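The values are calculated or read from the model by the stated rules, or taken from the named source; none is laboratory data. Quick caveat: nothing in here was measured; it's all calculated off a predicted structure. Cβ: placed from backbone, ideal geometry, glycine included. Neighbour counts: every protein chain shown. For accessibility, only protein heavy atoms count, side chains too; no ligands or nucleic acids. Shrake-Rupley method; radii C 1.70, N 1.55, O 1.52, S 1.80 Å.
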Amino acid sequence: MSRPTILLTGAGGQVGFELARGLADHGDVIALDRAALDLADADAIVATVRQARPELIVNAGAYTAVDLAESESTLAFAVNARAPGILAEEAKRQDAVLIHYSTDYVFDGRRTTPYEEDAPTGPLNVYGASKCEGECAIEQSNARALVFRTSWVYGARGRNFLLTILRLAQERDELRVVADQSGTPNWCRTLSDATAAAVARGLPWLAERSGLYHMTSAGATTWHGFAQAIVGEVPRPRVVPIAASLYPTPARRPAYGVLSSRKFEATFGYRLPDWRDELAACRSSMLAGSRPID
Ligand SMILES: NC(=O)c1ccc[n+]([C@@H]2O[C@H](COP(=O)([O-])OP(=O)(O)OC[C@H]3O[C@@H](n4cnc5c(N)ncnc54)[C@H](OP(=O)(O)O)[C@@H]3O)[C@@H](O)[C@H]2O)c1
């Protein structure tokens, strides 16, 4: 069987960077970062997909600056809503499969038990609204598409909570961290591995399972709990729990964003590990990466 061509967008991002490597076992990956394909440029998306003629499109690109999105909504919607719609239309035109990522921020966070895929959406901020519209655009296209909603992504590179806490821990004796917002941290490599496991089943099998899935590590915590797990048992810095109301941000965030991955795990026969184990694995890989080569 010939290897499928896989077009990957957002290849410079946390998940995209991991996917460029993780999908290489399953096809010939054309990995495009923002410089190679600007998802705000509708014509460029169409031209790129038609030229590459992929059998699988994986859209890891997104406008993820949650607070900035409040003042850059046109750009956020172009990248997070219009671009996925165009990718879905082009996938349909070429009989390709589309994999796209979305977020727990499509929910209003008023629940207290993990969200299933069919729970009503109600985004609280522009980023969440733009991602929500992207999901709808894909659904309306009737393309063969899988949307994986995830949450709290971190890794060894990029802008994320893990790297912020590690930096602040060097600089301060005390960290004040929001303790009344719950969710599940996800190492970008965990998400790439789960995606690759689904792709490994083959594109026809995957296409038959088109739809919306929650894809997160097991377990849940608060930002405070996440920070404490990052800092570990060392006495400094102290990680002090605070209410979100004491840490005002331009974008409102849901108080609860825990997603149930039951459907993903049952469909793809793939269990995502506990977030604490994945944090430990990420830290080990960062340490290994920083060791000098013998
Ligand atoms: N990060 C999270 O906490 C989180 C939570 C839930 C869901 N998700 C979703 O998971 C997926 C992967 O996110 P991630 O964590 O890997 O985010 P990320 O690290 O911010 O990566 C997103 C990538 O998209 C690129 N991008 C932004 N605007 C673009 C444009 N106009 N054209 C092309 N590329 C553009 C960014 O490029 P630059 O680096 O140049 O900006 C970045 O490389 C996204 O769909 C995101 O919405 C993320």
Taking Cα atoms, the helix 83-93 axis meets the longest principal axis of the chain at an angle in degrees (rounded to 10) of 30
Taking only the alpha carbons of the chain, the radius of gyration and the largest Cα-Cα distance, Dmax, both in angstrom, are 18.8, 58
For region 148-255 the translational diffusion coefficient, Stokes-Einstein from a Kirkwood Rh over Cα pairs at 4 °C and viscosity 1.567 mPa s, in µm²/s, is roughly 82
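Give me the percent of DSSP beta bridges within the chain that run antiparallel, rounded to the nearest 5.
Working: 2 of 36 bridges.
If we restrict to bridges inside the chain, about 5 percent are antiparallel.
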Taking only the Cα positions of region 21-62, the convex hull volume per residue in Å³ is 74
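Using helices alone, I'd like the mean residue ellipticity at 222 nm for the chain: each DSSP H run of four-plus residues gives -39500 (n - 2.57), total over residue count, nearest 500. Can you show the working numbers first?
Numbers: 11 runs with 113 residues, N = 294.
Only helices count here, giving -11500 deg cm²/dmol.
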Cα-based Rg and Dmax for region 1-104, in Å, come out at 13.3, 48
For region 78-156, the percent of accessible surface on carbon and sulfur atoms (probe 1.4 angstrom, ligands and nucleic acids excluded) is 46
A student asked for the Cα radius of gyration and Dmax of region 224-268 in angstrom ought to give 15.8, 44
Between the alpha carbon centres of region 135-204 and region 1-26 the gap in Å comes to 16
For region 94-140, the convex hull over Cα atoms projects on average to an area in nm² of 3.9
Regression test value, accessible area per residue of the chain, probe 1.4 Å, units Å², expected 47
When the charge dipole of the chain is computed with +1 at the Cβ of Lys and Arg and -1 at the Cβ of Asp and Glu, the Cα pointing farthest to the positive end, of Ser192, Ala227, Val66, is that of Ala227
Rounded to one decimal in nm, the spacing of the 7 Å Cα→Cβ label points at Asp173 and Asp28 is 6.1
Here the Cα Rg-to-2.2 N^0.38 Å ratio for region 198-251 is 1.93
extent check for region 210-294: Cα max minus min per principal axis, descending, whole Å, gives 49, 46, 23
re region 109-208: pairs of Cα atoms spaced beyond 17 Å account for a percent value of 69
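Work out the P(r) tail for region 44-151: percent of alpha carbon pairs separated by more than 24 Å, whole number. Each step should come with its number before you reach the end.
On the way: 1403 of 5778 pairs.
Everything past 24 Å amounts to 24 percent.
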